[in-house]
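The values are calculated or read from the model by the stated rules, or taken from the named source; none is laboratory data. Since we're looking at a predicted model, the values are computed, not measured. Because the Cβ atoms are built from the backbone with ideal geometry, glycine has one as well, and the counts that use them run over all protein chains shown. Note: areas computed on protein heavy atoms with side chains; ligands, DNA, RNA excluded. Shrake-Rupley method; radii C 1.70, N 1.55, O 1.52, S 1.80 Å.
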Amino acid sequence: MLRAFLRTEAGSTTVLLAATVLALLWANSPWGDTYEAFWHIPTGISFDDALFSLDLRHWVNDGLMAVFFFLIGLEVSYEVRLGQLRDRRLLAVPAVAALGGILVPAGIYLLLNFGGPGAVGWGVPIATDTAFVLGVLAVVGARCPDPLRAFLMTLAIVDDVLAILVIALFYTDSLSVPALLTAFGLLAAILTLRKLKIWRAPAYIVLGFGLWVATLESGIHPTLVGIALGVLVFVYAPTDQKLLLAGEAVHSFTSSPSAQAAREATVRVQRAVSVNERLRLRLQPWSSYVIVPVFALANAGVVLDGEALRAAVTSPVSIGVALGLLLGKFVGISLGTWVPLRFGWGSLPGNLVWGQLFGGAAVSGIGFTVSLFIVDLAFDDQPGIQSQAKIGILAGSLLSAALGWLIFKLAWDRGGVCAPPDAEPEEELPELLSVPVGPGDHVRGPAKARVTIVEYGDFECPYCGRLHPVLDELLRKNPDVRVVFRHFPLRTLHPRAASAAVVAESADDAGRFWEMHDILFDNQRFLTDADLEHYAAQIDVEPWTDVSRHTARIAIDESSGRDSGVRGTPTLFLNGVRYQGALDLGSIGKAVDEARRSTTVVETPQPPEKA
């Protein structure tokens, strides 16, 4: 159970939130004076007469956080070479949205602080905290479809890169030329090792640490070192040869198990995966569950007494940060999404609607980790303004999370599908059901129903989830109506829908399709294989029996759907005619009344009862 918790996005966010709350409690407790005193304890490393010393907070901010930014560099490198950043049309929209999400918050902040002592803090509201955003999206669940998650992840990566460039360019006080030249020399040595394909971890660790020290001494913030080194790490897709060698090694071990065969199989499998991916796998838990929470513990402890809150309420710094995160991010990302779509510069993954994008833009106003980081750089010698900026971050982030939750709850499926104006016009879809209801269909309701509603649905589709209780209520109020469910899993958008459909068909073998149908729609957010097996056990069904036959059965439904012009879910047909109205009880009820008045009863042959 603990491992499952730690693997989830909500898990890492919970740890980060706990660290933040602990920092606030510590700073506002009767022992609050010890908070700053502890993080200012000097510690260092000495080499003979040379001493390199920082206080604990700077070891966290300048040292441990270099690992966090190193991971961002790894992520950027992977996405550029193998991920979503390879496709320029998919990159264009989130890139412009990220730029808008930086320019507008900075502009709002400067509008309130230009010429004042807090003007230098314009960089505080520009950054989105990816960890908190992913945690909120995990709570939102099915209301955040995978295409929106992919869009926001791409946006967050671009946002991180732009924020790091801002730190490097605008938050460097002075430069030490000798230290800077030393840093360039060490970077050149690392590039030389890479070019010569010398992969000795100790050499890279020593050179990397030296580069970090030289960069810190040069005046440039060492975050730049972290992301630069991350970008330099090799990433590649596994070649057929490496996969073949790995497969042979594993087969050799399973045939003749031995320590030597196990070692060879391990080495071959590891070599098939790039260093970039291996490092991300190993470092991600340390970053998510140790480094970032420790950073929050060291930086989020702001005093929230009456005097501090009164000062923050009237402070242009606090107001500028809060409005920049809440309003600036929402307006900037929304506008930055609309512009490239309007001019046809790019496209979005999946059939996203504006309600979903507005929700994503709102939660992107949660700025925490990098925002606190910039506060430390911008107001290092101004503790009063630093406190006001941190209060603004907390207020703006909480309000952004609340606004995002409200939008996802009320408006997430409203507004048209987002597409560039020059997109291909919608095809003229068939009005009639191509395959009439037959004995092989899943039918709920009387055989001699006057009105038959055929639904093409997807168990992971949130729209289908909202329609489910509507159809149940319709059946309860109309004894002469029946519902037919046909599978149409949207595999590219909902990766668990096909597996859920297979389990539903397994339940049908035991005559319990509709029981499983209801369970799946009641638990849309939880459709992993383990969840599906649990639901099957609840109604005494074997979940994975005869998968090939069930897959073929689902394919028949999909084929009939495509022939009937089904392009998304849910799609309804009333007595064989496409329904194009709203998916609420009143609208569907009116359509049922019209169909009832104009239709004679047609009885569908029923299949023999299953044993």
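Values for this structure:
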| read-out | value |
| --- | --- |
| Compactness of region 456-611, expressed as Rg and Dmax over alpha-carbon positions, Å | 15.8, 47 |
| Lysine-lysine proximity count for the chain, Cα under 30 Å, sequence distance 8 or more or distinct chains | 12 |
| Distance in nm between pseudo-label sites at Ser258 and Ala402 (7 Å out along the Cβ direction from Cα) | 6.8 |
| Probe 1.4 Å, protein heavy atoms only - accessible area per residue of region 463-515 in square angstrom | 37 |
| Using a Förster distance of 60 Å, the FRET efficiency for Leu279-Arg596 (Cβ separation, nearest 0.05) | 0.40 |
| Simple Cβ-charge dipole of the chain, Lys/Arg +1 and Asp/Glu -1, about Cα centre, in debye nearest 20 | 680 |
| Rounded accessible area per residue of region 246-354, 1.4 Å, Å² | 49 |
| With Cα atoms, 0 to 90° folded angle of helix 529-538 axis to the chain main axis | 40 |
| The chain - Kirkwood radius from inverse mean 1/r over Cα pairs (Å) | 27.6 |
| Approximate spin-label separation Leu309-Leu82, in nm, with each point projected 7 Å along Cα-to-Cβ | 5.0 |
| Accessible surface of the chain, 1.4 Å probe, proportion on carbon and sulfur as whole % | 64 |
| Percentage relative contact order, the chain, counting C-alpha pairs under 8 Å, at least six apart | 18 |
| Peptides 255-266, 524-535 ordered by average Cβ neighbours within 10 Å, highest first | 524-535, 255-266 |
| Loop sites in region 338-392: chymotrypsin sites (Phe, Trp or Tyr not before Pro), DSSP, at most 14 other Cβ within 10 Å | Phe343 |
| Shape category assigned to region 285-327 from the gyration tensor of Cα positions, a/c cut at 1.5 | oblate |
| Charge-dipole axis of the chain as Lys and Arg at +1 and Asp and Glu at -1 on Cβ define it, positive-most pick from Ala261, Gln356, Ala530 | Ala261 |
| Three-way shape call for region 233-379 based on the alpha-carbon gyration tensor, with the a/c threshold at 1.5 | oblate |
| With all protein chains modelled, accessible area of Ile319 [1.4 Å, Å²] | 60 |
